[in-house]
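In what follows, a structure is listed as structure tokens, so that the remarks can point back to it.
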Amino acid sequence: MTNILFQLFKPGIVIVSAGFDAAPGHPATLGGYTVSPACFASMTSSLLQFADGKVVLALEGGYTGTAVSESVLECLKTLLGEPAHPGVGVSRSELERDPSNQAVEDISKTIANHVPFWPQLSDSSPWISCSHLQYLDTQPLDITTIRNLQV
């Protein structure tokens, strides 16, 4: 979904509001997930294939826990081009986890609100309720991204 949308849109720069609310130790009510520092780094790596690698992670406020600082560090390493450490990657459970009902509902509403302006978003609707591995089973992925998904 993301690859297709970015190819159609061709952004000149990608700006991410990086709050790391899903980092381990952060109150679950804020993100509803537990996303490892390795997973945040992998997502950052995926974004680097767009906009000629011009990616900005703008930090938000209100951080809690060591995992947030570890997530920031891993994302910075990715932005600086450091390779992932062998054996340190996204866990299989993260890749197999289905999105929460609230996430599916929120994404569905976002898509519905933006389809009039960006019709290609409707093509992503079938994928919003499946795990990352389920998505990968049917969608091609850039080899750089695959290398960063160590299981």
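The values are calculated or read from the model by the stated rules, or taken from the named source; none is laboratory data. What you see is a predicted model, and the numbers here were worked out from it, not measured in a lab. Heads up, the Cβs are rebuilt from the backbone with ideal geometry, glycines too, and the neighbour counts pull from every protein chain shown.
Would you pick out the residues in segment 50-74 that are exposed (fewer than 13 other Cβ atoms within 10 Å of the Cβ) and among the hydroxyl-bearing types (S, T, Y)?
T66
Looking only at segment 77-99, count every residue that is touching a helix residue (DSSP H, G or I) at 6+ places or on another chain (Cβ under 9 Å), of a type in the set (A, V, I, L, M, F, W, C) and at pLDDT 90 or above and tell me the total.
Within segment 77-99, residues that are touching a helix residue (DSSP H, G or I) at 6+ places or on another chain (Cβ under 9 Å), of a type in the set (A, V, I, L, M, F, W, C) and at pLDDT 90 or above number 1.
Of all residues in segment 115-140, count the ones that are surrounded by 12 or more Cβ atoms within 10 Å (Cβ to Cβ), under 23 Å from E96 (Cα atoms) and of a type outside the set (F, W, Y).
Qualifying residue count, segment 115-140: 12.
Determine which single condition A112 fails, assuming it passes every other condition in (1) surrounded by 15 or more Cβ atoms within 10 Å (Cβ to Cβ); (2) at pLDDT 85 or above; (3) among the small types (G, A, S).
A112 satisfies all of (1) surrounded by 15 or more Cβ atoms within 10 Å (Cβ to Cβ); (2) at pLDDT 85 or above; (3) among the small types (G, A, S) except (1).
Which ones in segment 1-33 are part of a loop (DSSP other than H, G, I, E, B) and at pLDDT 80 or above?
Of the residues in segment 1-33, the ones part of a loop (DSSP other than H, G, I, E, B) are 1, 10-13, 19-27, 32-33.
Answer for segment 1-33, where residues must be part of a loop (DSSP other than H, G, I, E, B) and at pLDDT 80 or above: P11, G12, I13, G19, F20, D21, A22, A23, P24.
Looking at segment 112-134, which of its residues are closer than 20 Å to K10 by Cα and in a helix (DSSP H, G or I)?
H114, P119, Q120, L121, S122, D123, S124
State whether one or more residues within segment 44-61 are among the charged types (D, E, K, R), modelled with pLDDT of 90 or more and over 21 Å from H132 (Cβ atoms).
yes
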